[in-house]
Every structure is written in structure tokens, then in C-alpha cells.
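Below is one structure, written out as C-alpha cells; the observations come after it.
The values are calculated or read from the model by the stated rules, or taken from the named source; none is laboratory data. Bear in mind the structure is a predicted one, so any value in this text is a computation, not a measurement. Here the Cβ is made from the backbone with ideal geometry for all residues, glycine too, and neighbour counts use every protein chain on show.
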Amino acid sequence: MRGLVTAFVGSVVEAWAELRIHRTRVLLSLVGVAVAVCALTSVIALGNIAQQATVETSERSSGRPATLYVSAYTADGSPPPATAMDTTWNEALVRYGVQYASRVTQQQLSIQFIDGVSVVNATLVDPPYGVMHRVEVQRGAWFAADDATRLAPALIVNDIFYARLGSPDLGTHPTVSLVGAKPVTAVIVGVTAALPYEVDPSMMMLNDSYAKLADQLVQDAASQPYSSYEMWVPPSISGELTTRLQSDFSASLGDGATAQVNRQDYAAYGDDPFLPIKLMISGVAVLVLVLGALGLVNISLVTVRQRIQEIGIRRSFGATASRVFFAVMMESVVATVAAGVAGVMLSILILKSPWVEDFIAQGVTDVPPFPLEAAVLGLAAATVVGAIAGLLPALVAVRVKVIDAIRY
Amino acid sequence: MTFLQLRGVGRTVSRVDDRPLIILSGVDLAVEVGDRLSIVGRSGSGKSTLLNLLGLLDSPTEGEIFLDDEPTRRFSARHRDVTRGRDVGFIFQQFNLLQGRTALENVMTPLLYDTGAVFWRRRAIATEMLDRVGLGHRLSSTPDRLSGGEQQRVAIARALVRRPRLILADEPTGALDIETGEAVMALLDEIATASDAALVTITHDPAIAALATRRFQLEKGALVDAAAATLSKGGPS
């Protein structure tokens with residue numbers, strides 16, 4: 001035991017002395033490894049952000065995993081009565097304790113702008129829709145629970161709509177007139193960014209607000225409003241819930257009506273939809289690391305000549321083969337782990353700096369924290385690279401004859 | 001008292017064309033505690049091979065080497081390394097100091113392979129050893145800042161710091177001028193005497209060889225008593 005302790009301490013002392021003496025070589029190799037680890041860690045972290053951005057885009061359009069869509073139609077293809085659907089829907093929400101659910105209806109409404117009346121796409125939703133679809137309100141706020149009770153309905157409009165109003169201060173509670181038999185004044189409470197494909201004004205209104213005003217408003221006769229019902233539930237129960245909801249709706253709506261419940265979120269298809277991205281990122285990361293490792297091995301090979309003679313001298317003074325092997329490996333591993341720590345720290349400093357973070361995380365609501373697995377992987381990769389790069393000189397050192405090594 | 005013995009030791013290597021090349025043959029030698037041996041011979045006569053065999057750096061292809069009456073052929077590789085570190089101190093012609101390390105670090109190096117108190121006290125022991133060779137004032141000097149004589153004194157301190165029973169000196173004065181060489185040999189003899197170590201010196205220099213109490217000559221791979229060799233050539237007795 002005593003021998004083991006002194007052998008270990010001795011190896012560390014040797015490794016440290018070696019690093020100190022060959023600091024230029026060590027520094028050069030460490031720079032290569034540190035940059036490689038920094039690149040590896042950064043690529044993984046950037047990959048996470050890219051994945052998060054893709055996830056959020058998917059969730060904005062089709063909801064978070066698992067979002068169940070309920071729709072129904074009667075024998076002649078027309079939708080069942082809204083009251084029957086709403087009743088069954090509300091009963092289901094209570095029965096299954098669903099907290100995030102929204103009816104979603106696309107409607108065309110006429111809006112009186114300063115330069116005339118325009119038909120605007122209106123999405124009628126319930127308050128949880130904002131969370132379910134990651135709606136990001138740039139100005140103002142998302143609908144509050146009591147917005148449905150307002151006499152003047154609350155609207156959240158896209159920035160095209162907002163610009164057409166002259167971008168008024170939301171603090172002044174700007175209003176807009178909804179054209180109808182009896183025009184309705186609505187209050188703008190929030191502004192969202194227009195979706196990339198949007199070129200026209202659009203808006204969102206609460207279902208309950210609209211229900212009170214529907215009779216007063218002019219609706220585009222050509223468009224047929226279409227309602228869907230969405231709920232966000234844990235993926236683990238989504239399969240069973242789908243079956244039950246289908247059964248509940250079919251039973252409640254009566255003969256001739258067919259209910260369909262399905263998932264349309266990005267995770268609905270079993271296979272990891274981000275596997276190609278992950279594979280591509282992993283490929284780049286491995287390539288980066290291999291390049292770093294090659295640099296290190298290259299430098300190790302260049303210095304192996306000098307090391308062999310030194311190792312021969314050490315062995316003439318009683319260093320055993322295992323001791324030499326351990327010391328040489330240790331030197332390489334200690335150096336690369338230090339480089340790995342530097343690389344990971346550099347990566348964190350770069351990616352978490354406000355300027356870089358603002359730049360790379362544009363459009364991402366929940367910027368993922370610096371991934372721990374990237375840091376751990378970076379350090380593990382540095383250790384493995386150190387071990388592999390140290391293996392060659394260590395094996396040479398052990399295999400060479402002491403006499404030849406001294407005369408090398 | 002004999003602690004190292006060579007009985008019929010031979011060393012043969014294969015040439016490129018697979019024909020055997022006999023370097024040493026039928027070497028018998030007994031090394032006693034406190035012995036002073038010198039081995040002379042022409043270049044290529046097998047001097048260094050014999051030194052490597054004595055220092056357990058190499059194994060004979062015939063015959064046997066006994067250390068404390070135990071055949072070294074039975075030693076495991078690890079046991080050979082440990083025994084070499086404990087019992088043998090090497091001094092090389094080109095000093096072979098570890099470049100970039102100070103004199104103190106060089107002398108501390110063999111102590112890294114020791115255990116217990118010697119390991120933990122290695123700095124103090126190495127400092128004391130350098131004091132003994134008169135380099136107490138050059139502890140932090142690296143080899144490139146030391147003269148040839150000083151470098152060889154560091155090498156002597158390094159070879160003797162673990163108090164080996166056998167000191168193997170391969171042309172210890174080969175890279176030094178005559179005066180410095182004599183001073184180095186005197187120092188080597190003094191310290192070896194103080195620690196009761198046997199000293200085997202391989203040299204080209206008859207003057208250095210003459211300092212030994214037992215002198216041998218290597219001729220065509222055979223080790224012969226130098227006096228007998230001289231007689232057989234008709235030289236003075």
C-alpha cells in the first residue's frame with residue numbers, strides 16, 4: 001500500500017515535472033486540444049439551441065407534445081352543433097383533469113382601419129392557447145382569464161395589424177372597430193410578431209368574447225368557420241386518452257356522428273424527429289475532436305525521440321515498465337484534462353456572453369441552459385484523447401529496450 | 001564477500017542475415033563488496049554489453065548471472081527493475097542528465113522510485129548528496145549551465161544517491177579533460193568507499209584502469225585478467 005501511494009505520488013511528480021519542462025510543447029498541444037474541446041462543446045450546445053428553435057417552431061404551429069386534436073362530423077359531413085361539442089369537451093376536460101385546453105376557430109372578421117374596412121383572419125382561442133402554442137407577445141400581454149368578461153373584447157394582433165393602426169402605445173388602450181350590424185369596439189391588449197409567411201393583418205380573440213358578439217358582426221360569407229379542439233396532455237397518457245376521448249365524443253354526439261382524436265405535434269411519430277440533426281451535429285463534433293487528437297498525436301510523435309532517451313535513463317534508475325507507462329499516460333491525460341477544462345470554460349464564456357447569446361438564440365423563447373452533457377462530453381473526450389495520444393509514446397517507452405533507449 | 005557472479009556468461013545477437021554474432025562468450029566474474037574493477041578493451045569488444053549484463057539491463061544468451069546467489073534469469077521484469085534501482089548506480093560517458101531539470105531534480109530522480117521515508121525525504125537526501133560532490137551551490141543549475149566536470153559530478157551524485165551496492169561507470173572520464181577526469185575518479189572512489197559500494201569502470205584510458213585493484217581486458221568477447229593478457233603478449237610483469 002505504501003509502495004502504491006509513493007508510486008502514484010511519484011508518477012504525478014514526474015508528470016508535473018515533464019509538463020513544466022516541456023511547457024512549450026505542452027502549451028501547443030493543449031491549445032489544439034482546448035480549441036477542439038471548445039469546438040466540440042460549442043457545437044453540441046449550438047445544436048441544442050438549434051434543436052430548441054426547431055422544437056419551438058413546431059410547437060407554435062402544432063402544439064407541444066402531446067397535443068390531442070378532437071374533431072367531429074355528422075353523417076352529411078357538416079360539423080355537429082357547437083353547443084353539443086362544447087358540452088362534451090368541457091365534460092371531458094373535467095373528467096380527465098386537463099388543465100391546458102383550447103377551442104380554436106378560424107374566422108374572417110371585418111375591421112375598420114383608418115384607410116377603410118379590411119377582412120382580417122381571426123383566430124378564436126381560449127386562454128391556455130398561449131402556453132400551448134408558445135405565443136410570444138412582443139408588446140402588452142396575453143389574454144387574462146377575466147378578459148372574456150370585458151364589454152369591449154380584448155384583441156391580440158400581429159405587428160402588421162398593429163402597424164396599420166399607427167403603432168399606438170398600448171398603455172393608452174388603443175381600440176379598433178369590428179364592423180357589423182352593430183359595430184363593436186375592441187381593445188388591443190397585445191401584439192405578436194407576424195409569422196414568417198404572414199403578409200396581412202391577423203388577430204386573436206377569446207372564444208367566449210366572440211360568442212357574445214357573433215350576432216352583431218359581419219362575417220365573410222365565403223368562408224366556413226372551422227373549429228378544432230386541442231388539449232395538451234402528458235405524452236405517457238396520450239394514447240389511452242385518445243381512445244377514451246373518441247369513445248366519449250362518439251357516445252355523446254349520437255348516431256351518425258364520427259369523432260376523430262389524433263396527435264399532430266412533432267413528437268407524434270415515434271421516431272426521434274431530430275435524429276438527423278443530432279447525427280449531423282455529432283458527426284461535426286467527432287470530426288473536430290479527431291482533428292484535435294491528430295494534432296496532439298502529431299506533437300507527441302515529434303517529441304517521442306527525446307522522451308525515449310529520458311525514459312531509458314529513468315528505467316536505468318529503477319523505473320518499472322508499468323511506472324513509466326503510467327507516468328507517460330498520466331502526463332498526457334493530466335494535460336488534456338486541463339485543456340478540456342479550459343476548452344469547456346471558453347465555450348461557456350463564448351456561448352453565454354450576452355452578445356453571442358442574443359445573436360444565436362434569436363426567436364427562441366426558452367433558451368436552453370449550457371448543456372451539462374456537452375461539458376461532460378467535452379471533458380470525457382479530452383481525457384480519451386489524452387489517453388490515446390499518450391498511449392503511443394507510453395507503449396513505445398515500455399517496449400523499447402532500455403539500452404537502446406539510453407543510446408537513442 | 002561476493003554478491004554478484006557471472007558464470008559462463010555469453011551474449012549472442014542475430015545479424016541482419018540471421019547469422020549469429022557472438023559478442024561475449026564464457027565470461028566468469030565475481031564482484032565483491034567494495035571491489036574496484038576496471039575493464040578495458042577496444043571498441044566493439046563487448047564492454048558495454050558486459051556492463052548492461054552486470055546492471056541487469058540485458059540478459060545473457062548463455063550462462064548465468066547470480067545476485068546474492070540467486071539466478072537473475074528467474075527475476076520477473078518488475079523485480080529486475082526494482083533490483084536495478086536499489087542495487088545498481090549507472091554513470092554514463094555522456095552523463096545523460098535529464099535536460100531542463102536542475103541538478104537537484106536530476107539527483108532526486110532515482111529517489112522517486114524508492115518508497116517510504118526515502119521517497120518523502122528525497123529533496124533533503126539529494127541536497128546532501130550534491131553537497132558531498134561539492135555542488136551544494138549549484139542545486140538549481142540546469143545541465144546546460146554546468147561544466148563537463150560538474151555534470152559528471154551530478155551524474156555521480158545521482159548514481160550514488162540510493163546507496164547502491166554496485167556502481168557501473170561507462171567511460172566516466174571519456175568526455176572530460178585529463179585533470180577533470182582524475183578529480184572525478186578520485187571523487188567517485190571516495191564516495192564509493194564511504195558507502196562500501198563496488199565500482200566497475202569501463203574505460204579506454206589505461207591510467208583510469210590502473211586505479212582499480214582488479215583489472216580485466218575484453219578480447220574477442222572473452223574476459224581475461226589484464227595482467228595475464230599483458231604477460232601473454234610478452235609485456236612487463
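If you go through the range B:194-202 one residue at a time, do you hit one that is at pLDDT 85 or above and over 16 Å from the mean Cα position of the chain (by Cα)?
Looking through the range B:194-202, at least one residue is at pLDDT 85 or above and over 16 Å from the mean Cα position of the chain (by Cα).
If a residue must be surrounded by fewer than 16 Cβ atoms within 10 Å (Cβ to Cβ) and in contact with an Asp or Glu (Cβ under 9 Å, 6 or more places away or on another chain), how many such residues does the range A:368-407 contain?
Residues flagged as surrounded by fewer than 16 Cβ atoms within 10 Å (Cβ to Cβ) and in contact with an Asp or Glu (Cβ under 9 Å, 6 or more places away or on another chain) within the range A:368-407 amount to 1.
Restricting to the range A:155-188, name every residue that is without any contact (Cβ under 8 Å) to a residue 60 or more places away in the chain, under 18 Å from A:A141 (Cβ atoms) and part of a strand (DSSP E or B).
Passing the criteria: A:L155, A:I156, A:V157, A:N158, A:T175, A:A186, A:V187, A:I188.
Quick check: is even one residue across the range B:166-187 within 17 Å of the chain's Cα centre (by Cα), within 27 Å of B:M1 (Cα to Cα) and assigned to a loop (DSSP other than H, G, I, E, B)?
Within the range B:166-187, one or more residues are within 17 Å of the chain's Cα centre (by Cα), within 27 Å of B:M1 (Cα to Cα) and assigned to a loop (DSSP other than H, G, I, E, B).
For A:P81, all conditions in the list (1) at negative phi; (2) buried (at least 16 other Cβ atoms within 10 Å of the Cβ) hold save one; what is the number of the exception?
Here A:P81 meets the rest and fails (2).
Is it true that A:S118 is surrounded by fewer than 17 Cβ atoms within 10 Å (Cβ to Cβ), assigned by TED's automatic domain parsing to the domain that holds A:G166, in contact (Cβ under 8 Å) with a residue 40 or more places away in the chain and touching a Pro at 6+ places or on another chain (Cβ under 7 Å)?
Yes, satisfied.
Based on this model, can you work out whether A:Q99 counts as more than 20 Å from A:Y210 (Cα to Cα), of a type in the set (S, T, N, Q) and assigned by TED's automatic domain parsing to the domain that holds A:N207?
yes
Is it the case that A:A285 is at pLDDT below 75 and part of a helix (DSSP H, G or I)?
In short, yes.
Please verify whether A:A321 is at pLDDT 80 or above and in contact with an Asp or Glu (Cβ under 9 Å, 6 or more places away or on another chain), treating the condition exactly as stated.
Judged against the criteria, A:A321 is a match.
Kindly check whether there is at least one residue in the range A:80-90 that is within 30 Å of A:E198 (Cβ to Cβ), of a type outside the set (K, R) and in a loop (DSSP other than H, G, I, E, B).
No; the residues of the range A:80-90 include none that is within 30 Å of A:E198 (Cβ to Cβ), of a type outside the set (K, R) and in a loop (DSSP other than H, G, I, E, B).
Looking at B:I191, B:I156, which one is surrounded by 14 or more Cβ atoms within 10 Å (Cβ to Cβ) and either outside any helix (DSSP H, G or I) or more than 14 Å from chain A (Cβ to nearest Cβ) (or both)?
Answer to the check: B:I191.
Under 7 Å between Cβ atoms, which residue pairs at least 6 apart in sequence (or on different chains) link something in the range A:189-208 that is on the phi < 0 side of the Ramachandran plot and in a loop (DSSP other than H, G, I, E, B) with a partner that is among the hydrophobic types (A, V, I, L, M, F, W, C) and crowded, with 22+ Cβ neighbours inside 10 Å?
Partner pairs satisfying both residue conditions: A:P201/A:V120; A:P201/A:V157; A:P201/A:F161.
Would you be able to tell me the number of residues in the range B:48-65 that are in a helix (DSSP H, G or I) and among the hydroxyl-bearing types (S, T, Y)?
Total meeting the criteria: 2.
Specify the residue that is nearest to B:N52 (Cα to Cα); the eligible residues are those in the range B:73-89 that are not small (G, A, S) and not in a helix (DSSP H, G or I).
Looking at the filtered set, the residue picked out is B:V88.
Could you list, in sequence order, all residues of the range B:90-120 that are assigned to a strand (DSSP E or B) and at the interface with chain A (Cβ under 7 Å from one of its Cβ atoms)?
Within the range B:90-120, just B:F90 meets the criteria.
Could we say that B:D87 is among the acidic types (D, E) and either at positive phi or at the interface with chain A (Cβ under 8 Å from one of its Cβ atoms) (or both) here?
no
Within the range A:1-15, can you find the residues that are within 43 Å of the chain's Cα centre (by Cα) and over 10 Å from A:A335 (Cβ atoms)?
Hit for the range A:1-15 is A:V12, nothing else.
From the list B:L50, B:L56, which one is at pLDDT 90 or above, at the interface with another protein chain (Cβ under 10 Å from one of its Cβ atoms) and closer than 30 Å to B:E219 by Cα?
Checking each option against the conditions leaves just B:L56.
If you go through the range B:78-90 one residue at a time, do you hit one that is touching a Leu at 6+ places or on another chain (Cβ under 9 Å), aromatic (F, W, Y) and buried (at least 20 other Cβ atoms within 10 Å of the Cβ)?
yes
Being within 9 Å of chain B (Cβ to nearest Cβ) and free of Cβ contacts under 8 Å to residues at least 60 places away in the same chain is the filter here, so list the residues in the range A:1-27 that pass it.
A:R2, A:G3, A:V5, A:T6, A:V9, A:V13, A:A17, A:R20, A:I21
Can you tell me which residues in the range B:126-136 are more than 14 Å from chain A (Cβ to nearest Cβ) and either assigned to a helix (DSSP H, G or I) or closer than 14 Å to B:G85 by Cβ (or both)?
Hits for the range B:126-136 are B:T127, B:E128, B:L130, B:D131, B:R132.
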